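S.K.: After the structure tokens below, expect a handful of questions from me.
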Amino acid sequence: MNLKDHIAEYPDFPSKGIVFRDVSPLLSDSMVFSFVIDEFVKLLNPYNPEVLVAIDSRGFIFGAPIAIQTGLPLVMMRKEGKLPGKVTSVKYGLEYGTDTLEVQHDVLESGKRVAIIDDVLASGGTLAAARELIEKMDSYPVCAVLVIELLGLNARKFLRDLDILSLVKY
């Protein structure tokens with residue numbers, strides 16, 4: 001299946017010079033969406049994760065059905081101010097600004113093998129922040145699964161030895 005046929009492109013969004021790759025058309029076709037979830041599960045299996053971490057907000061869309069299919073717990077990493085209780089946070093850079101990612105203290109046990117789920121790898125800031133939060137919680141990020149990877153931004157060089165597993169590359 002050619003997933004690029006199900007990804008929309010929006011030039012100059014959210015700012016001039018950026019081409020935003022949108023997975024909304026992929027989500028609107030249940031067969032394509034199901035295919036993506038099945039592919040993610042296949043990619044994750046060799047890593048034997050014990051926990052899935054989904055990144056706000058599109059990572060949640062993919063993370064929930066993967067958690068159901070694999071029987072693994074799902075932890076949400078959210079943008080600043082969205083989680084109640086005690087949180088750990090990391091401020092990070094994006095290709096078009098800065099943001100903060102947070103996780104609740106009591107939802108990620110220490111010592112766990114963690115797979116990260118998101119929709120797009122662009123500059124790598126969000127994924128690097130997720131990795132840092134997982135490590136702050138004394139767990140081990142083993143891989144990241146993504147629908148889209150934007151190769152021209154060279155994010156892999158900032159992500160050390162984290163295995164990046166993407167379905168579509170631009």
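S.K.: Quick one: which of Phe35, Phe40, Phe62, Phe20 is among the aromatic types (Phe, Trp, Tyr) and not in a helix (DSSP H, G or I)? Step through it out loud before you land on a result.
M.R.: Working: Phe35 fails: not in a helix (DSSP H, G or I); Phe40 fails: not in a helix (DSSP H, G or I); Phe62 fails: not in a helix (DSSP H, G or I).
Going through Phe35, Phe40, Phe62, Phe20 in turn, the sole match is Phe20.
S.K.: Also, I was wondering about something else. What number goes with the only condition from (1) crowded, with 19+ Cβ neighbours inside 10 Å; (2) modelled with pLDDT under 95; (3) among the aromatic types (Phe, Trp, Tyr) that Phe62 does not pass?
M.R.: With (1) crowded, with 19+ Cβ neighbours inside 10 Å; (2) modelled with pLDDT under 95; (3) among the aromatic types (Phe, Trp, Tyr) applied to Phe62, the lone miss is (2).
S.K.: Collect the residues in the stretch 1-17 that are of a type in the set (A, V, I, L, M), in contact with a strand residue (DSSP E or B) (Cβ under 9 Å, 6 or more places away or on another chain) and either free of Cβ contacts under 8 Å to residues at least 40 places away in the same chain or in a helix (DSSP H, G or I) (or both), keeping them in residue-number order.
M.R.: Step one: of the stretch 1-17, the residues of a type in the set (A, V, I, L, M) are 1, 3, 7-8.
Going one step further and asking which of them are in contact with a strand residue (DSSP E or B) (Cβ under 9 Å, 6 or more places away or on another chain), we end up with 3, 7-8.
Result: Leu3, Ala8.
S.K.: With Ile134, Ile116, Ile148, Ile61 as the choices, which residue is in contact with a Ser or Thr (Cβ under 7 Å, 6 or more places away or on another chain) and among the β-branched types (Val, Ile, Thr)?
M.R.: On the way: Ile134 fails: in contact with a Ser or Thr (Cβ under 7 Å, 6 or more places away or on another chain); Ile116 fails: in contact with a Ser or Thr (Cβ under 7 Å, 6 or more places away or on another chain); Ile61 fails: in contact with a Ser or Thr (Cβ under 7 Å, 6 or more places away or on another chain).
None of the others qualify; the one that does is Ile148.
S.K.: From the list Val147, Val120, pick out the single residue that is under 17 Å from Asp99 (Cβ atoms), of a type outside the set (Phe, Trp, Tyr), surrounded by 18 or more Cβ atoms within 10 Å (Cβ to Cβ) and under 14 Å from the mean Cα position of the chain (by Cα). So that I can check it myself, show each step before the final result.
M.R.: Values: Val147 fails: under 17 Å from Asp99 (Cβ atoms).
Within the list Val147, Val120, the selection yields Val120.
S.K.: So, one more: Could you tell me which residue of the stretch 74-93 is surrounded by the most Cβ atoms within 10 Å (Cβ to Cβ), considering only residues that are within 21 Å of Ala115 (Cα to Cα) and in contact with a Ser or Thr (Cβ under 6 Å, 6 or more places away or on another chain)? Spell out how you get there, then give the answer.
M.R.: Going residue by residue through the stretch 74-93, those that are within 21 Å of Ala115 (Cα to Cα) are 74-79, 83, 87-92.
Remaining after also requiring in contact with a Ser or Thr (Cβ under 6 Å, 6 or more places away or on another chain): 89, 91.
Numbers: Ser89: 18, Lys91: 11.
Only one residue tops the list, namely Ser89.
S.K.: Now a separate question. Could you please let me know if Ala128 is free of Cβ contacts under 8 Å to residues at least 60 places away in the same chain, among the aliphatic types (A, V, I, L, M) and part of a helix (DSSP H, G or I)? Give the steps one after another, and end with the answer.
M.R.: Details: free of Cβ contacts under 8 Å to residues at least 60 places away in the same chain: yes; among the aliphatic types (A, V, I, L, M): yes; part of a helix (DSSP H, G or I): yes.
Yes.
The values are calculated or read from the model by the stated rules, or taken from the named source; none is laboratory data. Bear in mind the structure is a predicted one, so any value in this text is a computation, not a measurement. Cβ: placed from backbone, ideal geometry, glycine included. Neighbour counts: every protein chain shown.
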